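Here's the structure, in structure tokens; my notes come after.
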């Protein structure tokens with residue numbers, strides 16, 4: 001989880017407006033459809049935390065975070081996307097959808113903006129971002 005957390009942190013710190021993001025989340029389909037589409041991507045790695053399900057798509061450099069029922073913002077989803085904008089320049093975009101209490105969603109979303117820049121540094125240095133690959137049993 002440290003790699004996913006680092007990705008989320010860096011994307012949140014460098015968050016730009018959702019409207020400017022090429023990977024901005026469209027809330028129109030609803031949370032179930034968004035979840036299904038996120039989980040259906042090729043090569044996704046889901047991970048559970050205490051109050052959310054994280055779905056990382058390494059092929060798209062996108063992390064979708066879905067609240068679990070014990071999260072005060074539930075039901076809601078955040079999309080954290082890293083977009084390469086130059087040889088060594090990356091931009092992070094944060095967007096999301098509140099399908100429940102909007103104020104609790106805003107608080108939850110803001111918590112991702114206050115984290116560190118570890119993932120951006122990992123990207124600059126060529127280190128992998130995201131969860132480690134699954135180990136064969």
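When only alpha carbons of segment 25-76 are considered, Rg and Dmax amount to 10.8, 30 Å. Which of rounded, prolate, oblate describes segment 51-105, given a ≥ b ≥ c as roots of the alpha-carbon gyration tensor eigenvalues and a/c under 1.5 marking rounded, otherwise prolate only if a/b is larger than b/c? In terms of gyration-tensor shape, prolate. Gain on full extension, evaluated as 0.36 nm per residue between residue 102 and residue 36 minus their Cα-Cα distance, stands at 21.5 nm. Neighbour counting of Cβ atoms within 10 Å sorts the residues 35, 74, fewest neighbours leading, into 35, 74.
Here residue 28 and residue 111 are evaluated by their C-beta separation; at R0 = 22 Å the FRET efficiency comes out at 0.30.
Where a number appears in this text, it was derived from the coordinates with a stated rule and is not lab data. Everything quoted here is computed from the prediction, not taken from an experiment. When we count neighbours, we look across all protein chains shown, and the Cβ atoms used for this are built from the backbone with ideal geometry, even at glycine.
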